[in-house]
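Notes to accompany the following structure.
The values are calculated or read from the model by the stated rules, or taken from the named source; none is laboratory data. Because the structure is a prediction, the values reported are computed rather than measured. With ideal geometry, Cβ positions are generated from the backbone for all residues, glycine too; neighbour counts draw on all protein chains shown. Just so you know, the surface numbers come from the protein's heavy atoms only, side chains and all, with ligands and any DNA or RNA stripped out. Shrake-Rupley method; radii C 1.70, N 1.55, O 1.52, S 1.80 Å.
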Amino acid sequence: MPRAVVVAGAALALLATAPNAQAAGGIEAPPDKIVIELATVNGSGCRPGTTAVAVAPDNTAFTVTYSEYLAHVGPNSAPTDFRKNCQLNLRVHVPHGFTYAIARADYRGFASLQRGAWGEQRANYYFQGMPETVQKNHRFNGAYNDNWQASDVTDVAQLVWAPCGEKRNFNINTELRVNRGSSNPATTSFMAMDSTDASVSTEYHLAWKTCPRK
């Protein structure tokens, strides 16, 4: 069954992550509840039952937490383990007269990369029936053994808004890759976007504006 996520009224457009939202017609969140349904989850990094969606404590975003999102290379790795991906298909129900966009996405995880190896996190977003946004890549070079974080921030002028008056699902594609590079082939390198710690999650910040009156 779809997991319903309720995003309630908060000053989303006033987030520090999108300080110019007002200049682009941004507003505070609609006063009525916004419901986000996780319609489908597909990909090698998010098998059914390994992904959870929840509202952020301050109700300014929604978070996605994974439990098996891990890309790795090494002696015990299968040929396809170097790359993991996940596609989230979301149904977002907003009150009449409002539209939304993703203003910022924060990704977190843990990486253990041997010297000479590297890992990469990629993401893009699009509404059903519309062109995909430009894919954004974040690279981490070994030697590296620590938590990692990457943020995608969209300029206000380049925000992709949901079409007013239409119901189109919103898709989020993410990917992790690990390349052995010049590292010792007898060693293992990995990059994960999963954790049992709820603080290690992907967080999507929303911006809102009113639709033109007809």
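Determine, yes or no, whether VAL178 is in contact (Cβ under 8 Å) with a residue 12 or more places away in the chain and more than 30 Å from PRO79 (Cβ to Cβ). Lay out the reasoning, then the answer.
Values: in contact (Cβ under 8 Å) with a residue 12 or more places away in the chain: yes; more than 30 Å from PRO79 (Cβ to Cβ): no.
Against the criterion (in contact (Cβ under 8 Å) with a residue 12 or more places away in the chain and more than 30 Å from PRO79 (Cβ to Cβ)), VAL178 does not qualify.
If a residue must be of a type in the set (D, E, K, R) and closer than 27 Å to VAL92 by Cα, how many such residues does segment 134-162 contain? Full working, then the answer.
So the first thing to find is which residues in segment 134-162 are of a type in the set (D, E, K, R), and the list is 136, 139, 146, 152, 155.
If we keep only those that are closer than 27 Å to VAL92 by Cα as well, we get 136, 152, 155.
Counting residues in segment 134-162 that are of a type in the set (D, E, K, R) and closer than 27 Å to VAL92 by Cα gives 3.
Output the residues belonging to segment 127-149 that are assigned to a strand (DSSP E or B) and of a type in the set (S, T, N, Q). Spell out how you get there, then give the answer.
Taking segment 127-149 as the starting set, the residues that turn out to be assigned to a strand (DSSP E or B) are 127, 136-141, 144-149.
ASN137, ASN141, ASN145, ASN147, GLN149, listed by residue number.
No other residue among ARG139, ARG180, ARG168, ARG213 is farther than 25 Å from ALA103 by Cβ and open to solvent by 70 Å² or more (accessible area, probe 1.4 Å) apart from ARG180. Which ones in segment 159-214 are modelled with pLDDT of 90 or more and assigned to a strand (DSSP E or B)? Result: ASN171, ASN173, THR174, GLU175, LEU176, ARG177, VAL178, ASN179, SER189, PHE190, MET191, ALA192. Note on segment 167-190: residues that are over 18 Å from ALA150 (Cα atoms) and aliphatic (A, V, I, L, M) amount to 1.
Just to be sure I understand, how many residues within segment 142-165 are of a type in the set (Gly, Ala, Ser) and loosely packed, with under 13 Cβ neighbours inside 10 Å? Don't jump to the end; show me each part of the working.
Quick first cut of segment 142-165, residues of a type in the set (Gly, Ala, Ser) only: 142-143, 150-151, 157, 162, 165.
Going one step further and asking which of them are loosely packed, with under 13 Cβ neighbours inside 10 Å, we end up with 143, 157, 165.
Qualifying residue count, segment 142-165: 3.
Summed over segment 75-99, the residues that are under 16 Å from LEU38 (Cβ atoms) and open to solvent by less than 40 Å² (accessible area, probe 1.4 Å) give a count of 5.
So, of the residues in segment 109-121 that are buried (at least 20 other Cβ atoms within 10 Å of the Cβ) and under 15 Å from the mean Cα position of the chain (by Cα), which turns out to be modelled with the highest pLDDT? Don't jump to the end; show me each part of the working.
Of all residues in segment 109-121, those buried (at least 20 other Cβ atoms within 10 Å of the Cβ) come to 109, 111, 113-114, 117-119, 121.
Next, only the ones that are under 15 Å from the mean Cα position of the chain (by Cα) stay: 109, 121.
Details: GLY109: 92, GLN121: 97.
The qualifying residue modelled with the highest pLDDT is GLN121.
Among the residues of segment 183-197, write down those that are surrounded by fewer than 18 Cβ atoms within 10 Å (Cβ to Cβ) and within 24 Å of THR65 (Cα to Cα). Steps first, answer last, please.
Applying the first criterion (surrounded by fewer than 18 Cβ atoms within 10 Å (Cβ to Cβ)) to segment 183-197 yields 184-187, 195-197.
Result: SER195, THR196, ASP197.
Can you confirm whether ASN89 is more than 27 Å from ASN179 (Cβ to Cβ) and within 14 Å of the chain's Cα centre (by Cα)? Considered against the rule, which asks whether it is more than 27 Å from ASN179 (Cβ to Cβ) and within 14 Å of the chain's Cα centre (by Cα), ASN89 comes out as yes. Counting the residues of segment 75-94 that are touching a strand residue (DSSP E or B) at 6+ places or on another chain (Cβ under 9 Å) and more than 18 Å from PHE127 (Cα to Cα) gives 6.
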